[in-house]
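To start, the structure itself, in structure tokens.
The values are calculated or read from the model by the stated rules, or taken from the named source; none is laboratory data. Predicted model, so just to flag it, every value in this text is computed and none were measured. Cβ placement follows ideal geometry from the backbone for every residue including glycine, while neighbour counts extend to all protein chains displayed.
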Ligand code: APR
């Protein structure tokens, strides 16, 4: 993953478009979600808190170098996030559920790509999800890459069940400097979609931040649903500002009503 500086805010111009202009029959829809879709479920986003993620600079807990430097701290950080996710207080919200309903009812091709490592899309009812930055509920061995489900704490000193080596158990999450997952599949889907929707992401991290450009170059309409303007807002066909729990159910119901 690569972080880019936000573009010049003066270039940003949001032009509200009426419903009639927005709604067209679409046959292939790709959705990209980011931390903003889970914010109203109680999970903190990355860039709305003075650059701190739950009190830590993101790069202190989300790079291979950080893990090599202090594997205990990094695993403890993700163990806390995993415990929070499974602790009974974090639930999928109306936006997660609306995307699941859309997947169920849309007759065309639908692809859900998420940068999020939580399991709220799954719990909201979505079936097919590309977790391009990995999953919190999956661990892996840094030596042999063996990946396994994990719902409790990870300790890097535990032995890998596959290669039997100790010292490198970590979350199966894509950190800065690592290659995001499913890129070939995602690119293929974006190239043939006629609507690309970005939800709750600041567009600060590539390659995900470039997906809307690819969709646009390939002729798709691009729509952004976000609480605040992102660094790419001016590049979308339309950018609508508001909380995901309000915008997502409304917009996807409208898309469904006009679907072919
Ligand atoms: N509804 C919609 N959008 C929201 C809401 C909400 N209720 N709350 C916040 N947002 C928006 C913010 O305005 C912001 O633009 O969500 C966005 C969250 O941005 P980030 O915190 O940067 O999260 P994201 O874009 O998912 O980060 C990308 O960066 O650190 C890495 O790997 C990590 O996947 C993550 C990647």
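Assorted remarks:
- Subset of the stretch 207-227 (residues that are near the ligand (Cβ under 10 Å from one of its atoms) and touching a strand residue (DSSP E or B) at 6+ places or on another chain (Cβ under 7 Å)): 208, 224, 225, 226, 227
- Which numbered condition residue 255 misses (of (1) in contact with a strand residue (DSSP E or B) (Cβ under 8 Å, 6 or more places away or on another chain); (2) more than 9 Å from the ligand (Cβ to nearest atom); (3) part of a helix (DSSP H, G or I); (4) at pLDDT 95 or above): (4)
- Among the residues making up the stretch 17-36, those that are modelled with pLDDT of 95 or more and part of a loop (DSSP other than H, G, I, E, B) are 34, 35.
- When residue 136 is tested against (1) surrounded by 22 or more Cβ atoms within 10 Å (Cβ to Cβ); (2) within 16 Å of the ligand (Cβ to nearest atom); (3) in a loop (DSSP other than H, G, I, E, B), exactly one condition is not met: (3).
- Residue 239 vs. criteria more than 17 Å from the chain's Cα centre (by Cα), surrounded by 17 or more Cβ atoms within 10 Å (Cβ to Cβ) and part of a strand (DSSP E or B): yes
- Selection within the stretch 37-82 - within 19 Å of residue 204 (Cβ to Cβ) and either away from the ligand (no atom under 14 Å from the Cβ) or assigned to a loop (DSSP other than H, G, I, E, B) (or both): 43, 44, 45, 46, 47, 48, 49, 50, 51, 54, 62, 63
- A single entry from 86, 59 fulfils the requirement of being surrounded by fewer than 15 Cβ atoms within 10 Å (Cβ to Cβ) and touching a residue at least 40 places away in the same chain (Cβ under 8 Å): 86.
- Pairs, first closer than 14 Å to residue 198 by Cβ in the stretch 239-260, second within 16 Å of the ligand (Cβ to nearest atom) and part of a loop (DSSP other than H, G, I, E, B), C-beta under 6 Å, six or more apart: 239/14; 244/200
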